[in-house]
Amino acid sequence: MAWIDRRPGVRPRPSLGRRLDLAARACFPAGATVLLMLLAEAPLGLTGQAALQPAMALGCVWFWSLHQPQYMPPPVVFLIGLLLDLLGYLPFGVGTLTLLMSYGIAAALRRYLVPRGFGMNWLAFVPIAVGAALLMWLLMMILLFRLLSPVPVFFQAIVTIALYPALAVPFGAARRGITDTDRA
């Protein structure tokens, strides 16, 4: 909400266009996350393409949970996790639990990481990405009742860590546009 909208006093109701613009700004983080997840599901013929979807979901949830948590609340993260489970053919709860745990960590570290800048955010994301890959691997083994190779865990973690800057840079520019409601 713009600074001018928070002052006490009588103001005219916002126009339909302004309300639609504010709604679109609020829906952008979740919508962009879902769109990127669907894009990762498209048959692009890339080697290791299956690792892109959880990497995109985790990177988006981490970024928006740090910088605009009001636009990425836990119920939205839960729904994104369910979509990740459905699109990634994972047992229900694996992606959801992983994304919710990363959201919780981002919420806990938010006050420390946001003022530090991109480099510190990326360094803090590295153990989150490794931990998320390990957690998904462990949950898959528990839920499938069999041992799985640990090689995909390392690949998943590397893809997630490498993809984060490619997500964070355009999202940083979009975040400046989202928060500037005076332009609405």
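None of the figures in this text is laboratory data; all of them are computed from the coordinates on show. This structure is a prediction, so every number in the text was calculated from the model and none was measured. With ideal geometry, Cβ positions are generated from the backbone for all residues, glycine too; neighbour counts draw on all protein chains shown.
Taking the number of Cβ atoms within 10 Å of each Cβ as an exposure proxy, the fewest-first ranking of 89, 112, 103, 71 is 89, 112, 71, 103.
For segment 16-183, what relative contact order do you get, as a whole percent, if you take Cα pairs closer than 8 Å and at least 6 residues apart? In percent, rounded to a whole number, it is 25. Rounded to 0.05, the FRET efficiency of the residue 176 and residue 44 pair, given R0 = 30 Å and the Cβ-Cβ distance, is 0.50. Rounded to the nearest 10 degrees, the angle from helix 74-87 to the longest Cα principal axis of the chain is 40 degrees. Exposure proxy ranking for 47, 179, based on other Cβ atoms within 10 angstrom of each Cβ and starting from the fewest, stands as 47, 179. Between residue 142 and residue 111, full extension at 0.36 nm per residue minus the direct alpha carbon distance yields a gain of 7.7 nm. When 154, 63, 145 are arranged by Cβ crowding within 10 Å, least crowded first, meaning fewest neighbours, the order is 145, 154, 63. Taking the C-alpha atoms only, the angle from helix 52-67 to the longest principal axis of the chain is near 40 degrees.
In the chain, helices alone account for a calculated mean residue ellipticity at 222 nm of -25000 deg cm²/dmol, with every DSSP H run of four or more residues adding -39,500 (n - 2.57). Angle of helix 151-179 to the longest C-alpha principal axis of the chain, folded into 0 to 90 degrees and rounded to 10: 10°. So for segment 16-183, taking the charge dipole from beta-carbon charges (+1 Lys/Arg, -1 Asp/Glu), which of 77, 17, 162 sits furthest toward the positive end? Checking the options against the dipole of segment 16-183, the answer is 17.
Counting only Cβ charges, +1 for Lys and Arg and -1 for Asp and Glu, the dipole size of the chain around its Cα centre is about 760 debye.
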